[in-house]
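This report refers to the structure that appears directly beneath it.
The values are calculated or read from the model by the stated rules, or taken from the named source; none is laboratory data. The structure presented is a predicted model; accordingly, all values stated were derived computationally and were not measured. All Cβ positions, even for glycine, are placed from backbone atoms using ideal geometry, and neighbour counts span all protein chains on display.
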């Protein structure tokens, strides 16, 4: 069943239909929130708030990309959370494993088919990427996550962020440059093809 049918059923009060939309998009929205906020608990809260808001505002959806519409809502939820943290800073509660060691990335980042060594390397790389994302300004982080993680094109991101296309392109170029500079500190974690490009440049 496609989104349009589920949306129509949801508008008629069918909660099961809306729950199917939630199941279809919850990983995408959590991924966006986690990469922007950088803390699993807060990302879960932002994702939940986004879906509550989406349900309440579903009557305002006027067609087009439902994915982009949802991403705009979760992006606003992330901005709200980041503003709240500036007003009242809190210490992040990082998840821990059985040994009490900090887990730097959620389990959805790991391919269950990989070896333990590969999973460890992927977790370390995911943590390095997140640390570099955290160093970007919020506006830069939003653009790089929407384009390089979520796979949206420039025009879609321009609509999601309600920002001119030229500004989006400029922010992305600068954000990628800063990410590249930051990730040089973690060269040993990067794929070999990336390291070869770095050495050739």
Residue 9 vs. criteria free of Cβ contacts under 8 Å to residues at least 12 places away in the same chain and surrounded by 15 or more Cβ atoms within 10 Å (Cβ to Cβ)
yes
Just name the residue that is modelled with the lowest pLDDT out of those in region 161-178 that are outside any helix (DSSP H, G or I) and loosely packed, with under 15 Cβ neighbours inside 10 Å.
162
Taking region 32-83 and the residues there that are on the phi < 0 side of the Ramachandran plot and assigned to a loop (DSSP other than H, G, I, E, B), the one that is modelled with the highest pLDDT would be 61
